[in-house]
Amino acid sequence: MSNRTPVLLLTGFGGQERALELAEPGTVVVHHDLSGLHEGMVVRSESTVRPDGTAEERVALLELAHGCVSCTLREDLLPLLRALHRRQGVRRIVVRLDPTLEADALRDAIEHVVVEMVGGVSAPASRDVEIVGTIGFVDGATWLDDALGEEDLGERFAVPGDDERTVAQLAVGHAQNADLLVVTGDSPDPARLRAVLRRLAPDAPIAREQEPLTGLLPRLGVPRAPIEPFGPLLPGCPPLEPDGDVRLIEFSARRPLHPGRFHEAIDVLLDGVVHARGRMWLATRPDDAFWLESAGAGLRVGAAGPWLAAGGQGSPDRWAMASAGWDEAYGDRRTDLVVLVAGADPVRVAETLRWAELTPAEFAAGPGEWALWHDPFGAMHADPCEDLAPDPAAGTREDEEMS
């Protein structure tokens, strides 16, 4: 038994207002309203139901710390969670997240950001509270279009000017990081929507909006573990068979990727693809693995850390996975990608990615030759990337990085 106060997160582009359904005696519902962000203000509300059934709401106006949303929430929400744990009569905390906030980022902050408490031990909020689940609300009428689109987040929501995230990134993240999904509204293609969600969040039960939230809580189960760059890419055993134009593609390569061809090949992941993720071995980068993640028309590539064969550190599970396919010359270096398509041609996706792999002749040339090749990822994908293209005849492309 834990003496920590349970915390439930509600996330999505709509539906979180139903958090008040959970405001029973002993529950505090916390919400930070970011709609006044451009005025430099955040409104925090706490809704509580007293033991006698009467309701109480506390509202506070917060100035945006350092002009930073993340800083404001870290400096306000994390200490608040620890304080609520100490408040008499509080048995559960429900955090209604603003649509532009990501549950995974908050989970990480609760686990790792140290909070100083007057009269208490300085420690992460996880010392006092534990996240017991995330409910993700999915707008059936718009979610698929959002997840496949290219709209910048700032076109729809009040976010800082330097926020380069896309609507697709948030839509995919809200669903992927949920432990239970609630579909609201009417979908134009409910079977297709369900097929995507079952592959994106296979462990999350899917409920309809007519079901009361209090009745759904027993279905939450154990919160899922975050996806790690060197961990399994298909946690939860999602369906691998196709369902209409929806399917998961698994791509693996034991020879490294040609940086120039791969730079061109990733265009295939930006149309008709809901989500892609995985680790890569680039021929010009022998020591570091790279992590790719995409949502809709937004994609990012970044360093994931050194390969074990290059001196990287790893858990016993990572070593066990690597040992199963260890290569005598190159160790655990390899490329593994998972692509969730909804409309894209799976054969074209697979063939294009395979085209980026080194040919046997290129592979035989060895690392000394590979090091001489132009690497368009050297600037970590600056936009525009015309000057980085290995072949001017191939034309230009406009990548949208997610941050």
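Things worth noting here:
- Rounded tilt (10° steps) of 103-112 against the dominant C-alpha axis of the chain: 80
- Annotation: amide H-H contacts under 5 Å for residue 275 (H modelled 1.01 Å from N, sequence separation of 5 or more, or interchain): 296, 340.
- Packing around the peptides 8-16, 347-355, 365-373, 219-227, taken as the average count of other Cβ atoms within 10 Å per residue, puts them in this order, highest first: 8-16, 347-355, 219-227, 365-373.
- Here the label points at residue 328 and residue 267, each 7 Å from Cα along the C-beta direction, are separated by 4.1 nm in the simple model.
- Legend: calculated FRET efficiency, residue 203 to residue 88, from the Cβ-Cβ distance at R0 = 41 Å, rounded to 0.05, equals 0.70.
- Each label point was placed 7 Å from the Cα along the Cα-to-Cβ direction; for residue 117 and residue 303 their separation is 3.7 nm.
- Label zone at residue 150, where the point sits 7 Å out along the Cα-to-Cβ direction: the range 266-310 residues whose backbone N lies under 19 Å: 266-276, 293-301
- Alpha-carbon centroid distance for the pair the range 206-260 / the range 306-370, whole angstrom: 21
- Highest mean packing comes first when the peptides 100-113, 230-243 are listed by Cβ atoms within 10 Å, giving 100-113, 230-243.
- Carbon plus sulfur fraction of accessible area for the chain, probe 1.4 Å, in percent: 52
- Note on residue 254 and residue 59: the model spin-label points, each 7 Å out from Cα along the C-beta direction, lie 6.5 nm apart.
- Taking every Cα-Cα distance in the range 246-371 and sorting them into 10 Å bins starting at zero, the pair-distance distribution P(r) comes out as 13, 44, 32, 11, 0 percent.
- Ellipsoid semi-axes in whole angstrom, largest first, where each is sqrt(5λ) of the Cα gyration tensor of the chain: 40, 23, 21
- Among residues other than residue 188 with Cβ under 15 Å from its Cβ, the summed charge is -4 (Lys and Arg +1, Asp and Glu -1).
- Helix axis angle, 167-176 relative to the chain longest principal axis, alpha carbon, degrees: 70
- Counting Lys and Arg as +1 and Asp and Glu as -1 over every other residue whose Cβ lies under 9 Å from the Cβ of residue 291, the net charge comes to +2.
- Selected from 269, 180, 81 as most flexible by GNM, with the chain as the system and alpha-carbon contacts under 10 Å: 81
- Kirkwood-Stokes translational diffusion coefficient of the range 5-219, alpha-carbon pairs, 37 °C, 0.692 mPa s, µm²/s: 183
- Percent of Cα pairs exceeding the 17 Å cut-off, where the set is the range 3-99: 50
- Mean-position separation - Cα centroids, the range 72-129 and the range 16-51, in angstrom: 14
- Helix-only [θ]222 nm of the chain, DSSP H runs n ≥ 4, -39500 (n - 2.57) each, per residue, nearest 500: -6500 deg cm²/dmol
- Sequence-separation-based contact order of the range 284-353, relative, with Cα cut under 8 Å and 6+ spacing, percent: 21
- Net charge in the neighbourhood of residue 89 (other residues with Cβ under 15 Å of its Cβ; Lys, Arg +1, Asp, Glu -1) is +2.
- Backbone geometry of the range 321-331 corresponds, through the Karplus equation with coefficients 6.51, -1.76 and 1.60 at θ = phi - 60°, to 3J(HN,Hα) couplings of 5, 5, 5, 5, x, 5, 9, 4, 8, 10, x Hz, x marking Gly and Pro.
- Here's how it looks for residue 131: its modeled amide H is under 5 Å from those of 7, which are all 5 or more places away or on a different chain.
- Built amide H within the under 5 Å cut-off of residue 23, gap 5+: none
- Rounded to 10°, Cα long-axis angle of helix 190-200 versus longest principal axis of the chain: 80
- Sequence-distant contacts, meaning Cα pairs under 8 Å at least 6 residues apart, place the relative contact order of the range 246-371 at 40 percent.
- For the chain, accessible area per residue (1.4 Å probe, heavy atoms of protein chains only), Å²: 45
- DSSP-loop trypsin sites (Lys or Arg not before Pro) across the range 232-278, with at most 14 other Cβ within 10 angstrom: 254
- Computed on the chain, with alpha-carbon pairs under 8 angstrom and 6+ residues apart, the relative contact order is 14 percent.
- At R0 = 51 Å, FRET efficiency that the Cβ-Cβ distance of residue 243 and residue 2 yields, to 0.05: 0.85
The values are calculated or read from the model by the stated rules, or taken from the named source; none is laboratory data. This structure is a prediction, so every number in the text was calculated from the model and none was measured. Positions of Cβ are generated from backbone atoms using ideal geometry, with glycine treated the same way; all protein chains shown enter the neighbour counts. Protein only, heavy atoms only, side chains kept; ligands, DNA and RNA dropped before computing areas. Shrake-Rupley method; radii C 1.70, N 1.55, O 1.52, S 1.80 Å.
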